[in-house]
1. Scanning region 295-308 for residues that are aliphatic (A, V, I, L, M) and not in a strand (DSSP E or B), which turns out surrounded by the most Cβ atoms within 10 Å (Cβ to Cβ)?
2. Take region 149-161 and flag every residue that is farther than 14 Å from THR66 by Cβ and surrounded by 15 or more Cβ atoms within 10 Å (Cβ to Cβ).
3. Please work out if PRO311 is modelled with pLDDT of 95 or more and either under 18 Å from PHE223 (Cβ atoms) or surrounded by fewer than 18 Cβ atoms within 10 Å (Cβ to Cβ) (or both).
4. Taking into account only those residues within region 264-294 that are outside any helix (DSSP H, G or I), under 27 Å from the mean Cα position of the chain (by Cα) and of a type in the set (A, V, I, L, M, F, W, C), which is farthest from ASN319 (Cα to Cα)?
5. State whether one or more residues within region 248-267 are on the phi < 0 side of the Ramachandran plot, polar (S, T, N, Q), modelled with pLDDT of 95 or more and surrounded by 14 or more Cβ atoms within 10 Å (Cβ to Cβ).
6. So which pairs qualify, if the first residue must be in region 233-259 and among the polar types (S, T, N, Q), the second must be part of a helix (DSSP H, G or I) and surrounded by 18 or more Cβ atoms within 10 Å (Cβ to Cβ), the Cβ gap must be under 8 Å, and the two must be at least 6 apart or on different chains?
7. Can you list the strands (runs of 3 or more DSSP E) lying wholly within region 178-246 that have 2 or more residues being modelled with pLDDT of 95 or more, buried (at least 24 other Cβ atoms within 10 Å of the Cβ) and hydrophobic (A, V, I, L, M, F, W, C)?
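The values are calculated or read from the model by the stated rules, or taken from the named source; none is laboratory data. Predicted, not measured: the structure shown is a model, and the values here were computed from it. Please note: Cβ atoms are built from the backbone with ideal geometry, for glycine as well, and neighbour counts cover all protein chains shown.
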Amino acid sequence: MSDPARRPAVALALLLILVVVAACGGGDASTVPSVAPSEAVAPPSPSPSVAAFPVTLTDDEGTEVTIDAEPQRIASLTPANTEIAFALGLGDRVVATDDGSDTPAEAVDLPDVATFESVDVEAIVGAEVDLVLAGGLGFTNAEAIVQLRDLGVPVVVLYAPSVEGVYEDIQLVGDATGTADVADDLVTDLRTEMDGIAAAVADGEHPRVFYEVGYTDATGEIFAPADQSFVAEMVTMAGGDVITTGDPASYAIPLEALIEADPELIVLGTNPFYMPTPDQVAARPGWDVMTAVKEGAIVPVQDTEITRPGPRLPTGLRNLAAVIRPDVTLPAAP
């Protein structure tokens with residue numbers, strides 16, 4: 001595992017979503033429950049493959065990848081990819097994961113062949129893996145991707161910068177594994193649920209929301225959604241007027257800029273590595289001038305489903321909408 005204190009700026013800048021996008025540093029630990037239960041998407045029964053192999057597809061880095069035969073032994077190197085594979089009914093084909101893959105429970109005991117910093121190429125080759133699902137923009141070590149491809153192992157790199165990108169990645173995994181029909185059905189269900197939640201909160205007042213990605217006690221560094229980022233899109237879909245860093249390439253925001261934006265609601269994205277409490281936030285130097293702090297409008301919500309670009313996004317959006325727009329009755333979960 002990487003140092004939790006440096007992962008928020010790195011992992012979330014690569015999206016996220018992280019954690020797990022999102023093991024953040026700073027803050028004292030205290031358990032904070034989700035607004036709604038965190039449950040893995042029940043995998044559908046895969047339909048017979050209709051894809052003809054070999055197939056050639058283009059991954060999220062623009063690389064053409066040829067897969068000679070329907071993969072039977074898959075290594076997933078990010079938690080989101082692992083969730084996607086299991087949601088497509090491919091759990092019995094996943095033979096190795098990264099050390100952050102914690103959902104579903106069946107994935108936890110699988111051999112770890114990757115961390116945030118490194119990939120065990122030898123272990124992947126030794127496991128006779130015939131497809132690797134990697135993470136883009138640095139989530140998976142770039143040199144390892146090159147090594148695996150040089151050794152003849154197909155590597156599909158996935159990186160979703162938007163909600164629509166998540167849908168496209170699910171379909172890409174479906175195309176790569178012969179489960180395209182299952183992927184299409186899953187995307188239809190996810191899109192319907194996500195759109196329904198967004199529509200429910202579209203009208204009415206949209207409070208100014210600061211979604212805290214991370215905070216470093218020692219330096220006072222504050223991490224927030226970057227402009228046009230996946231996290232910012234989730235806050236907007238959940239009915240908030242999102243406060244961003246002002247830079248599409250940075251997740252850091254100066255305290256002065258945050259005070260000027262004056263959030264009406266502070267949402268704390270918590271996970272096992274980062275569990276600040278509302279009282280701790282209110283006690284930070286200089287924060288007492290913000291409307292949200294004055295009014296006690298500081299609410300924790302479990303971060304993983306919100307920032308991890310996978311099939312549990314509807315749960316994350318529902319949790320987020322529940323704290324941003326408690327005045328709205330959300331559509332019933334399917």
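1. ILE306
2. VAL157, LEU158, TYR159, ALA160, PRO161
3. Judged against the criteria, PRO311 is not a match.
4. Only one residue fits best here, namely PHE273.
5. Looking for residues that are on the phi < 0 side of the Ramachandran plot, polar (S, T, N, Q), modelled with pLDDT of 95 or more and surrounded by 14 or more Cβ atoms within 10 Å (Cβ to Cβ), one finds none in region 248-267, hence no.
6. Within 8 Å, the pairs are THR244/ALA232; SER250/ALA13.
7. Here the list reads 208-212.
Per-residue answers, yes or no, for (1) modelled with pLDDT of 95 or more; (2) of a type in the set (D, E, K, R); (3) under 15 Å from the mean Cα position of the chain (by Cα); (4) under 20 Å from GLN171 (Cα atoms):
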| residue | (1), (2), (3), (4) |
| --- | --- |
| ARG6 | no, yes, no, no |
| GLY25 | no, no, no, no |
| SER47 | no, no, no, yes |
| THR66 | yes, no, no, yes |
| ALA69 | yes, no, no, yes |
| ILE74 | yes, no, no, yes |
| ASP92 | yes, yes, no, yes |
